[in-house]
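What follows is a single structure, written as structure tokens, with notes after it.
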Amino acid sequence: MTDTPEPTKAHFRSDVTVDLVKSAAGDSDVLFAARVSTAGEQSLEEVTKDPERSKGLINYLMRDRHGSPFEHNSMTFFISAPIFVFREFMRHRVGWSYNEESGRYRELEPVFYVPGESRKLIQQGRPGKYEFVEGTPEQHALTSRAMEDSYRQAYDAYQEMLAAGVAREVARAVLPVGLFSTMYATCNARSLMHFLGLRTQHELAKVPSFPQREIEMVGEQMEQHWQQLMPLTHAAFNKNGRVAP
């Protein structure tokens, strides 16, 4: 006879976090990569020069969509977000590398996503041309209560199976996509720009996008880190309609 597990001490969050853990990225990376086509080995001098002098070149490359010079850099982010956010991330494959924590090899913690008060709840319109509007206090209360009750029940079932000796990789099947997970995501500026063009809304964007708010929250934090690393490239991205080159 197995012991009955204690009631779940679940933790609920409405935020996501993004930490830049490693980077080799700067505006000069774009310049030497671009100038090798005309300057050959002399393009190495661009590594130590002030990129501000060549702001026009970066803008030209962005405007005319000469994209490969924006690939000679790297950023690695550590991201904590609900599993459903990571499922959307995996649609971005070119120029990205991922490693996520595994429910096969570790017991997953009871940390779950519940929308905050600022999260719009009501969808109006049809797919591809809809908008979200504010929910009522009653709808927010219902959403929080229903999610929290469901999360606790699912995690209790998970713990019960683990206590009975069921393998982690089997027991995890009852856990919802609102469970928080963590992963490392590595990309270059070109792949990040493509991500941001699809996963954020911005007044300067030439092409409208309709991202789910939770992955947009991740994108906004990634963009803040990138902007500090490559300010001229980021400015050219905005100036030219936030379209990846």
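Just so you know, all these numbers are worked out from the coordinates, no wet-lab data involved. Only a predicted model underlies this, so the values are computations on that prediction, with no experimental measurement involved. Virtual Cβ from ideal backbone geometry, glycine too; neighbours counted across all protein chains shown.
Listing for the model above:
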read-out	value
Rounded to whole Hz, the Karplus (6.51, -1.76, 1.60) HN-Hα couplings of the stretch 49-58, x for glycine and proline	8, 6, x, 4, 4, 10, 4, x, 5, 4
Helix-only [θ]222 nm of the chain, DSSP H runs n ≥ 4, -39500 (n - 2.57) each, per residue, nearest 500	-12500 deg cm²/dmol
Per-residue HN-Hα couplings for the stretch 217-225 [Karplus 6.51, -1.76, 1.60; θ = phi - 60°; Hz; x = Gly/Pro]	4, 5, x, 4, 6, 4, 5, 4, 5
Projected-area average for the chain over all orientations - Cα convex hull basis, square nanometres	15.9 nm²
Dimensionless Rg over Rh [the stretch 203-245; C-alpha; Kirkwood]	0.97
Mean separation of Cα contacts under 8 Å, 6 or more apart, over the residue count of the chain: relative contact order %	31 percent
Cα Rg over Rh - the stretch 108-168, Kirkwood	1.17
Note, ³J(HN,Hα) from phi for the stretch 127-138, Karplus 6.51, -1.76, 1.60, rounded to Hz, x at Gly and Pro	x, x, 8, 10, 9, 10, 10, 4, x, 7, x, 5
Computed E for residue 12/residue 76 - FRET, C-beta separation, R0 25 angstrom, nearest 0.05	0.30
Rg/Rh ratio calculated on Cα atoms of the stretch 66-122 (Kirkwood radius)	1.07
Pairs of Lys in the chain closer than 17 Å at Cα, counting only those 8 or more apart or on different chains	4
Amide H contacts under 5 Å for residue 112, placed H, 5+ residues apart	11, 12, 13, 180
